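The values are calculated or read from the model by the stated rules, or taken from the named source; none is laboratory data. As the structure is a computational prediction, the values presented were derived from the model and not from experiment. Quick reminder, even Gly has a Cβ in these numbers, built from the backbone with ideal geometry, and neighbours come from all protein chains shown. Note: accessible area is taken over every heavy atom of the protein model, side chains too, but ligands, DNA and RNA are not part of it. Shrake-Rupley method; radii C 1.70, N 1.55, O 1.52, S 1.80 Å.
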Amino acid sequence: RYISVTGVQTCALPIWCGGSPKKSSLPTDPTYLALEKIGNAYIRIDPPPQKKAELVAALKGFGKPEEILKSPNDGHEFMIVYGVKLQMLKATGNEIPVVAFEKFGKDGKRYVLRGRNGITQLTDAELREAKFPDGYKLPF
């Protein structure tokens with residue numbers, strides 16, 4: 001089904017012309033989105049948060065902190081690494097420190113937040129090798 005407008009044929013409906021609607025490239029996974037909010041709140045606190053109450057106060061601008069801090073993927077509160085200085089961070093890639101991760105994860109992987117917005121899934125072995133602040137001990 002083509003329509004001619006001033007001699008130029010255009011497709012009236014992409015479905016008839018072989019086209020398909022483009023999918024959004026924005027993440028929609030609720031666990032990803034929760035970690036994204038945590039990262040955005042975390043970086044707004046300078047010096048970095050040292051305890052949960054400081055992060056909760058910053059999270060209020062992003063929704064209900066108690067919901068944001070709970071992973072929709074494994075149903076448990078995210079493990080937060082407090083005191084990570086993210087402002088002016090020069091690290092890149094795997095050298096960016098972990099700021100938050102799932103307590104248990106699902107199917108052998110945990111969602112992990114590196115820095116402000118580096119969200120990925122890692123196995124327990126990969127998480128053990130990840131960059132953390134000096135002296136941080138994983139709880140597993």
Residues in the stretch 122-138: is at least one touching an Asp or Glu at 6+ places or on another chain (Cβ under 8 Å) and under 15 Å from T31 (Cβ atoms)?
no
Hey, any hits in the stretch 23-42 for a residue that's in contact with a helix residue (DSSP H, G or I) (Cβ under 8 Å, 6 or more places away or on another chain), open to solvent by 60 Å² or more (accessible area, probe 1.4 Å), closer than 21 Å to Y111 by Cβ and at pLDDT 95 or above?
yes
Only one of (1) at pLDDT 95 or above; (2) surrounded by 14 or more Cβ atoms within 10 Å (Cβ to Cβ) does not apply to L89, and that is (1)
Residue that is nearest to Q121 (Cα to Cα) [pool: residues in the stretch 60-73 that are open to solvent by 30 Å² or more (accessible area, probe 1.4 Å) and outside any helix (DSSP H, G or I)]
N73
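Could you list, in sequence order, all residues of the stretch 74-122 that are out of contact with any strand residue (DSSP E or B) (no Cβ under 6 Å at 6 or more places or on another chain), part of a strand (DSSP E or B) and within 19 Å of G135 (Cβ to Cβ)? First the steps, then the outcome.
Applying the first criterion (out of contact with any strand residue (DSSP E or B) (no Cβ under 6 Å at 6 or more places or on another chain)) to the stretch 74-122 yields 75-76, 82-83, 85-95, 97, 104-108, 115-118.
If we keep only those that are part of a strand (DSSP E or B) too, we end up with 106, 118.
None - no residue of the stretch 74-122 is out of contact with any strand residue (DSSP E or B) (no Cβ under 6 Å at 6 or more places or on another chain), part of a strand (DSSP E or B) and within 19 Å of G135 (Cβ to Cβ), so the list stays empty.
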Sole exception among (1) in contact with a Lys or Arg (Cβ under 9 Å, 6 or more places away or on another chain); (2) on the phi > 0 side of the Ramachandran plot for A58, by number:
(2)
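If a residue must be assigned to a helix (DSSP H, G or I) and open to solvent by less than 50 Å² (accessible area, probe 1.4 Å), how many such residues does the stretch 123-140 contain? Please lay out each step first, then the result.
To start, the set of residues in the stretch 123-140 that are assigned to a helix (DSSP H, G or I) comprises 124-129.
After this cut, where a residue has to be open to solvent by less than 50 Å² (accessible area, probe 1.4 Å) as well, the list is 127.
Summing the residues that are assigned to a helix (DSSP H, G or I) and open to solvent by less than 50 Å² (accessible area, probe 1.4 Å) in the stretch 123-140 gives 1.
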